[in-house]
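Below: one structure, written as structure tokens.
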Amino acid sequence: MLNKILYVVDNNGKNNYHYKIDEDTIIYHFSIDGSSEVKIDLVKEGVSLKYYYSNINYNNNTFSIRVNHKASNTNSELYNHGVNVFDKKLDYYVDGVVNKKTSGCVCNQENQIINIRDGKSTICPNLLIDNYDVVSNHSAYIGKFSDDKLFYLMSRGISLKEAYKLLLNGFLINSKSLDLEKVNLFLQEIDKI
Amino acid sequence: MLEIKNLYASIKDSDKKILKNFSLKINDGEIHVIMGPNGVGKSTLSKVIMGHYSYEVNKGDILLDGESILPLTVDERAKKGLFLCMQDPTVIEGVSNSEFIRTAMSSKSQEKVNLYKFVKSMEEAIEDVSLDKNMLHRSLNMGFSGGEKKKNEILQLKMLQPKYIILDEIDSGLDIDSLRIVCRNIKKYMKDNKDSSLLIITHYPRILEYLKPDYVHILKDGKIVKSGDLNLALEIEKDGYSSVTGDDNVE
């Protein structure tokens, strides 16, 4: 099945986005040191949304996203990955909302923030579900890349710097169907971390 | 030659000593085996040699061809030719097998690996170890069965061409067919690379039927308490560790 694919790349500043989704959609959102507020309404029965948010953070920033399942049998999957490079604040507020009248929905979210140094990061995953016929999951992780992963990569001759680069690329470019040419600016930024 | 001299090692930031006066010399082309009950320090030994972050060397030395590797980082040790086939290979989501192995090959050779040659040799190696070709594009060890993970370790061995190989319980969790494939590949590797040496850490002599060791050592309380040939391993299989260590309390 064909999906509508949107690429969003924002660089610094505060950004607001509002989407009304009436066909199957994938949104790739890349953010370099910016704050974003995203509102998404799933307005047509049966539509699905995949949202990939990748973020490199240098200063104090907030990302908030709210997915509102306004129609039945709608499906949302959010993958929010951030790298907090310095000792600053990075906050994620991630809301999935299913109201009483919409049933048969799937509302999932997965959130991770990697602190490269000793940044203060917060993830608030909220599932506001008012209907019994819903599948909904969330996960949140804040921490560093595990020593086991670094050891494994380095045990094959890969330097610590290269190992970080591999892990950062894998973490931030987390979809195989991505058109990398469209996010060249972001890829260059990964190299600078 | 890999030489371990009077090595004492403990868990970092703890008083727990694991290896106590451990010594072993492995000449080029030799196959050595370390056997021993659970918890005597077999896997610790392999990790200490590789420079794992959880352990520290308190005394003694580890040398490759006469040169100490203790000051070297993990990747520097690998570049010297050390290779540890891990008991439980780490899963890394987002990093594909091909990307990982190609980066490792480039790091080792210090030059960019030709893509065409890389893909060709990877495809051959994948076929040799009977893995699915799609594994190239999958995340590293993610969703792999126990057998696939072990075969992937051997695949990396074939691609990276190390000189000093340590197999940490490569036979655990492998069915008999997979064990045969793994051993066939290691055997061929040793035949093609006559100056390579092998240190096998295992509980079971079955793998030794395929890989015919030169020496078998029994580890207890962090040091070698007995050495012999394949017959020693067979004796243990028959009578247990207590028969050779004289300790009735061995689990």
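The values are calculated or read from the model by the stated rules, or taken from the named source; none is laboratory data. Because the structure is predicted, anything quoted here is derived from the model rather than measured. Here the Cβ is made from the backbone with ideal geometry for all residues, glycine too, and neighbour counts use every protein chain on show. Accessible surface areas use protein heavy atoms only, side chains included; no ligands, DNA or RNA. Shrake-Rupley method; radii C 1.70, N 1.55, O 1.52, S 1.80 Å.
Please state the shape class of the protein assembly as shown: rounded when a/c is under 1.5, otherwise prolate if a/b exceeds b/c and oblate if not, all from the C-alpha gyration tensor.
prolate
Rounding to the nearest 10 and keeping the result within 0 to 90°, find how far the Cα-based axis of helix B:230-239 lies from the longest principal axis of chain B.
It is inclined by approximately 70 degrees.
Using a 1.4 Å probe, how large is the accessible area of B:ARG184, given in Å² and rounded to the nearest 10?
My reading of the accessible area for B:ARG184 is about 140 Å².
Among B:SER196, B:SER130, B:SER46, determine the one that fluctuates most according to a GNM of chain B built with springs between C-alpha atoms less than 10 Å apart.
Top of the fluctuation ranking is B:SER130.
Across peptide B:97-108, how many C-beta atoms of other chains are within 10 Å of each residue C-beta, on average?
Whole-number average of other-chain Cβ neighbours for B:97-108 is 4.
Count the net charge of all other residues whose Cβ sits under 14 Å from the Cβ of A:LEU180, scoring Lys and Arg as +1 and Asp and Glu as -1.
Once positives and negatives cancel, what remains is -3.
Which positions within the stretch A:137-155 get 10 Å² or more of their accessible surface covered by the other protein chains, compared to the chain by itself, with a 1.4 angstrom probe?
Buried by 10 Å² or more upon assembly, which counts only protein chains, are A:ASP147, A:ASP148, A:LYS149, A:PHE151, A:TYR152, A:LEU153, A:MET154, A:SER155.
Points 7 angstrom from Cα along the Cβ direction at A:ASP179 and A:CYS124: gap in nanometres?
Those two pseudo-labels are separated by 3.6 nm.
Most mobile of A:TYR58, A:TYR93, A:TYR17 per a Gaussian network model of chain A (Cα springs, under 10 Å)?
A:TYR17
Using 0.36 nm times the number of residues separating A:LYS100 and A:VAL43, minus their current alpha carbon distance, what extension gain do you get?
Gain in length upon complete extension: 19.0 nm.
Please compute the length gained on full extension between B:SER109 and B:LYS59, using 0.36 nm multiplied by the number of residues separating them and subtracting their Cα-Cα distance.
Gain in length upon complete extension: 14.8 nm.
Between helix A:160-172 and chain A, what is the angle of the helix's C-alpha long axis to the longest principal axis, kept within 0 to 90° and rounded to the nearest 10?
Compared with the principal axis, the helix lies near 10 degrees.
Near A:LYS14, which lysines are there with a Cα under 19 Å away, not counting those fewer than 8 places off in the same chain?
By straight Cα distance, A:LYS14 reaches A:LYS39, A:LYS88, A:LYS89.
At A:ASN11 and B:VAL225, where each label point lies 7 Å from the Cα along Cα→Cβ, what is the point-to-point distance in nanometres?
In this crude spin-label approximation the distance works out to 6.7 nm.
Let me know the shape class of the stretch B:75-179, please: from the alpha-carbon gyration tensor, a ≥ b ≥ c as square roots of the eigenvalues, rounded when a/c is under 1.5, otherwise prolate if a/b is greater than b/c, or oblate.
Oblate is the answer for the stretch B:75-179, as a/c is 1.5 or above yet b/c matches or exceeds a/b.
Tell me which aspartates and glutamates have Cα within less than 18 Å of B:LYS220's Cα, excluding those fewer than 8 residues away on the same chain?
Once the sequence-local aspartates and glutamates are set aside, what remains near B:LYS220 is B:ASP168, B:GLU169, B:ASP229, B:GLU235, B:GLU237, B:ASP239, B:ASP247, B:ASP248, B:GLU251.
Quick one: ranking B:LYS47, B:LYS5 by accessible area, 1.4 Å probe, largest first, what do you get?
B:LYS5, B:LYS47
Enumerate the aspartates and glutamates that B:LYS112 could reach by cross-link, defined here as Cα to Cα under 15 Å, with residues fewer than 8 away along the same chain left out.
In chain and number order, the partners are A:GLU162, B:GLU99.
Which entries in B:LYS42/B:LYS149; B:LYS20/B:LYS80; B:LYS149/B:LYS223 show an alpha-carbon gap greater than 22 Å?
B:LYS20/B:LYS80; B:LYS149/B:LYS223
Taking the Cα atoms of chain A alone, what are Rg (to one decimal) and Dmax (as a whole number) in Å?
Values for chain A (Cα only, Rg and Dmax): 17.2, 56 Å.
Full extension from B:ASN21 to B:ASP214: what is 0.36 nm times the residue separation minus their Cα-Cα distance, to one decimal in nm?
Answer, rounded to one decimal: 67.2 nm.
What whole-number distance in Å separates the alpha-carbon centres of the stretch B:141-160 and the stretch B:16-55?
22 Å
Give me the one-decimal nm value for the distance between modelled label points at B:SER14 and A:LYS192, 7 Å along each residue's Cα-to-Cβ direction.
4.3 nm
I'd like the carbon and sulfur percentage of the solvent accessible area for the protein assembly as shown, probe radius 1.4 Å, heavy atoms only, ligands and nucleic acids excluded.
Percent of accessible area from carbon and sulfur atoms in the protein assembly as shown: 46.
Top mean-square fluctuation among B:PHE100, B:PHE22, B:PHE83, Gaussian network model of chain B, C-alpha springs under 10 Å?
B:PHE100
Any idea what angle helix B:176-192 forms with the longest principal axis of chain B, computed on alpha-carbon atoms, 0 to 90 degrees, nearest 10?
80 degrees
Using the Cβ atoms and a cut-off under 11 Å, what net charge is assigned to the surroundings of B:SER178, where Lys and Arg are +1 and Asp and Glu are -1?
Its environment carries a net charge of +1.
Over the stretch A:65-193, what relative contact order in percent results from Cα pairs under 8 Å that are six or more residues apart?
22 percent
Heavy-atom accessible area per residue, the protein assembly as shown, 1.4 Å probe: how many Å²?
Each residue of the protein assembly as shown exposes 46 Å² on average to a 1.4 Å probe.
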